[in-house]
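S.K.: Structure in C-alpha cells, see below.
The values are calculated or read from the model by the stated rules, or taken from the named source; none is laboratory data. All figures in this text were calculated on a predicted structure; none of them were measured in a lab. When we count neighbours, we look across all protein chains shown, and the Cβ atoms used for this are built from the backbone with ideal geometry, even at glycine.
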C-alpha cells in the first residue's frame, strides 16, 4: 500500500499553509470539512474535475492543513486543527471565521 506524505508539526510552515489556503477551491474544501468533519474525498461535492480535486487535496495534505487516511479503496480527509494551531495559534480559526461571513 502506498504511504501518503504528511509533514510533522515542526515541518508545517506558514508559507505553505498560507499558499494552501490561498486558492478558492481549497478554501471551499476546508469550509466543507469544518462544517461536516472528516469526509471521504469522493463525497466532497465541488464542481471540478476529479484530477483537479486530487491536486487540491494533495496541496492541503502536503502543507499540513489536512490529514488523509486510506481505508480500503477510499481516502478520508480531515482538518489538522490541533497541529496547525500548535504552530500558528488562531490562524485556522480566523480563516474559518472569515469564510462564515
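S.K.: For the stretch 3-22, which residues satisfy the criterion of being without any contact (Cβ under 8 Å) to a residue 12 or more places away in the chain and under 24 Å from residue 73 (Cα atoms)?
M.R.: Across the stretch 3-22, the qualifying residue is only 3.
Residues checked against (1) out of contact with any strand residue (DSSP E or B) (no Cβ under 9 Å at 6 or more places or on another chain); (2) assigned to a helix (DSSP H, G or I):
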residue: 55; (1), (2): yes, yes
residue: 58; (1), (2): no, yes
residue: 70; (1), (2): no, no
residue: 89; (1), (2): yes, no
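S.K.: Mind telling me which of the residues 25, 29 ends up being within 10 Å of the chain's Cα centre (by Cα) and modelled with pLDDT of 95 or more?
M.R.: After ruling out the rest, the residue left standing is 29.
S.K.: Would you point out which residue out of 21, 92, 86 is within 23 Å of residue 5 (Cβ to Cβ), surrounded by fewer than 13 Cβ atoms within 10 Å (Cβ to Cβ) and in contact with a helix residue (DSSP H, G or I) (Cβ under 7 Å, 6 or more places away or on another chain)?
M.R.: Of 21, 92, 86, the one residue that is within 23 Å of residue 5 (Cβ to Cβ), surrounded by fewer than 13 Cβ atoms within 10 Å (Cβ to Cβ) and in contact with a helix residue (DSSP H, G or I) (Cβ under 7 Å, 6 or more places away or on another chain) is 86.
S.K.: Which one of these is without any contact (Cβ under 8 Å) to a residue 40 or more places away in the chain, under 20 Å from residue 98 (Cβ atoms) and in a loop (DSSP other than H, G, I, E, B): 25, 46?
M.R.: Going through 25, 46 in turn, just one is without any contact (Cβ under 8 Å) to a residue 40 or more places away in the chain, under 20 Å from residue 98 (Cβ atoms) and in a loop (DSSP other than H, G, I, E, B): 46.
S.K.: Shifting gears a bit: Residues of the stretch 32-45 being in contact with a helix residue (DSSP H, G or I) (Cβ under 7 Å, 6 or more places away or on another chain) and either on the phi > 0 side of the Ramachandran plot or at pLDDT 95 or above (or both), which ones?
M.R.: Hits for the stretch 32-45 are 34, 39.
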